Amino acid sequence: MSEVLALQEAAVSYLDRSGGLLRLIEECRSFEGSPQNEAIYRFRFLINPSDLIDVSPALADRVLRDPLAATALFKSVCFLTIKTLSLMDQVQTENQVSVVLKLTHLPPFPNYQLNLDEFPRSDGHMRPLAMEGLVIAMTRVTKYTQGARFLCTDENCPCAEGFYHIRVHMPGATESATVGGDFSCLLCFSPLKEDVKSRVLGDKQLAELIDFKALDVLGVQPLSSLRYQSVTLFLRGPSRVSKNFQVLHTANACSPWRFSAIVANCFASQVVPPGLYNTLKLVLLMSLAQTGEKDADARHCLDVLALTTDTLIADRLMTYGLGFAERGVRHQAVGELLASVSRDERGAGTANIHAGSALLATGGICLLGDLSKYRKDKIDALQSSMESRAVSVFIPGKKYGEDADQQLSLPLHCNFWAVAGSAVPAKKFARFDSAVLGSVEVASIPYQVPESFGLVVQCREALEDYPLLPQVAHALKQAVQPREPLYPASMQFSTQDYKEVGSGNGPGKTLLRVSLLAHAQGLQVELRPEAERIIQGYYMASRRLRSDIAQCSSVSATSIKLLIALAEAHSKLSLRTQVLEEDAVIAVLLCENAITLKHGASALVIPPSAVFPCDLRDLDSLHRRDLALKQLHRQILQFVFTYAPAGSSNIIEE
């Protein structure tokens with residue numbers, strides 16, 4: 001008994017050090033909103049064996065040698081924590097707690113590598129094993145039962161209610177072992193019946209894995225008598241997106257605009273209050289959704305420039321969003337942004353090219369911060385690189401022992417985020433909300449710089465006479481109630497719901513679950529014809545209306561790529577694989593607002609806050625937003641039908 005208590009204390013200590021207890025508390029809060037009691041509640045803990053050995057060698061040995069017993073130990077610790085801290089009222093018995101231990105890595109010893117020739121076939125404890133190979137076959141994703149609740153058929157038995165008989169899937173067990181129909185009550189031996197409403201389902205997939213050495217047999221090597229046996233793996237993972245977002249997505253399936261709007265409204269509620277800078281938050285999430293693609297050449301970068309009277313708040317919001325990028329680099333104004341050249345220190349006599357922040361952020365986000373802090377030469381170099389999407393490096397030959405000078409061009413594949421101050425509108429003019437937004441004055445940077453950014457967003461405060469009032473109230477609430485949820489409706493979506501706990505390979509980098517953004521980045525979307533027609537029609541009409549006598553248009557030729565990228569990003573953020581006409585509407589509104597900020601309004605007169613025409617407070621406000629976007633949809637169709645008849649041949653006039 002003393003040994004078990006010592007192991008439990010070690011488990012609590014490790015979870016406290018590794019942040020597992022905090023994640024447990026957050027997940028319990030997310031389950032609290034569920035109206036129905038489930039059979040089991042699944043909790044996942046990331047275990048680093050190297051760190052665990054420092055806390056308790058005995059516990060680490062138990063995890064690596066007898067993982068089933070270790071799982072039961074962490075299960076008891078998890079249940080005691082939930083009851084001691086009163087985290088969940090739904091958990092009544094330890095049977096309702098299901099724990100999954102995710103190992104970040106295994107010791108680099110032969111005993112932890114799967115070898116079919118030496119694979120132990122005894123009935124002893126099975127330790128976790130690692131195997132690298134080639135997947136030669138796989139099934140589609142199907143459902144399996146993670147846990148089920150059974151009730152006694154004898155109404156007089158105490159087990160006729162409550163959570164006394166819970167069956168949980170165990171590794172290697174079949175479906176019938178979990179939800180079979182021949183179970184008896186342990187108290188009165190009466191038959192048990194399943195409470196189907198409490199069943200918890202999960203995803204499973206079967207994959208056949210074969211050793212990499214089998215490729216030698218399949219290649220051009222001489223015929224060999226060697227044969228390689230494939231291994232069937234059962235992949236049982238969590239849902240692709242957190243349960244909170246799944247419920248939200250299902251509840252708002254009636255509108256193609258609502259899910260992304262609520263996600264943006266609740267995003268970064270730790271930094272800014274919900275409802276503030278919603279357009280900027282939506283754009284940042286769309287920019288994040290467009291990162292992480294393997295084929296960097298196939299995607300169009302979504303660069304974002306935020307214009308605001310208070311650059312500090314916008315910079316904090318971008319800094320918070322940077323943490324959700326697969327690769328995020330915050331550039332310091334005094335550092336090297338693009339690339340630099342120096343002499344090789346190892347005596348090779350050649351040039352050494354140092355990557356700047358932009359190149360280090362390849363495939364992710366490079367946060368530039370406030371552009372007013374940059375020197376003019378840095379701004380000019382940034383603008384040139386953003387236009388060409390390449391970093392030009394000049395290597396003088398004489399300086400580095402070469403006969404001729406060299407000019408290298410390095411591809412630039414990252415999204416830039418930046419902030420710039422904008423002029424406050426004068427009081428003698430009409431209210432800013434009621435006026436059509438024209439060209440805006442940008443402080444301390446050349447007027448050509450906004451042209452390099454695809455998206456320019458004007459951050460608008462809810463109360464113009466007192467623009468800092470919501471942020472001040474937010475800061476005071478955080479100071480007075482540091483541990484209380486400031487916005488309960490927003491706090492149901494935790495940071496882990498937007499971003500996975502860990503990613504990548506190596507110690508501490510194993511994926512614990514797929515987040516909203518990770519799932520959105522992995523979606524392959526297809527542009528539907530009706531969405532393509534709106535994008536092409538708007539592009540043609542805007543080019544025609546914004547052209548001068550010399551046939552020079554303020555709408556660049558790359559704008560159509562930007563429109564497509566915006567529509568695809570909104571479709572991904574909405575968890576769709578088809579780019580709908582409504583996604584194209586959001587893309588057009590964002591692009592038109594950006595062009596209006598740069599060059600003034602056109603015949604397509606839309607409000608400055610077209611994407612979020614009202615505050616999202618309740619279901620009625622969401623309905624009003626849908627009606628406003630439908631009206632803007634009709635305006636866009638009329639605009640295309642009027643000014644681009646060639647591109648509107650397939651558009652039906654509404």
Do the alpha carbons of any pairs in LYS378/LYS398; LYS143/LYS243; LYS143/LYS572; LYS193/LYS243; LYS75/LYS143; LYS102/LYS243 sit beyond 22 Å of each other, and which pairs? LYS378/LYS398; LYS143/LYS572; LYS193/LYS243; LYS75/LYS143
In nm, to one decimal, how far is the modelled label at LYS398 from the one at ASP66, with both set 7 Å along Cα→Cβ? 7.7 nm
Extension reserve of the GLN270-ARG17 stretch, reckoned as 0.36 nm per residue once the Cα distance is removed: 88.8 nm
Stretched out fully, how many nm does the piece from SER50 to LEU360 gain, at 0.36 nm a residue minus the Cα gap? 108.7 nm
Report the Cα centroid-to-centroid distance between the range 393-417 and the range 1-42 in angstrom, as an integer. 53 Å
Going by average Cβ density within 10 Å per residue, which order do the peptides 4-11, 272-279 take, highest to lowest? 272-279, 4-11
Please work out how much length the chain gains when fully extended from PHE234 to THR153, using 0.36 nm per residue of separation minus the C-alpha to C-alpha distance, in nm with one decimal. 25.7 nm
Between ARG634 and GLN332, the two model label points (7 Å from Cα along the beta-carbon direction) sit apart by a distance in nm of 5.6 nm
Give the peptides 183-195, 248-260 in descending order of average Cβ contacts within 10 Å, highest first. 248-260, 183-195
Heavy-atom accessible area of GLU175 with all protein chains present, probe 1.4 Å, nearest 10 Å²? 80 Å²
Which order do the peptides 305-312, 131-138 take when ranked by the mean count of other beta-carbon atoms within 10 Å per residue, highest first? 305-312, 131-138
Accessible surface, per residue, of the range 51-193 when the full set of protein chains is kept, probe 1.4 Å, Å²: 59 Å²
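The values are calculated or read from the model by the stated rules, or taken from the named source; none is laboratory data. What you see is a predicted model, and the numbers here were worked out from it, not measured in a lab. Cβ: placed from backbone, ideal geometry, glycine included. Neighbour counts: every protein chain shown. To get the accessible areas, we keep the full protein, side chains included, count just its heavy atoms, and leave off ligands, DNA and RNA. Shrake-Rupley method; radii C 1.70, N 1.55, O 1.52, S 1.80 Å.
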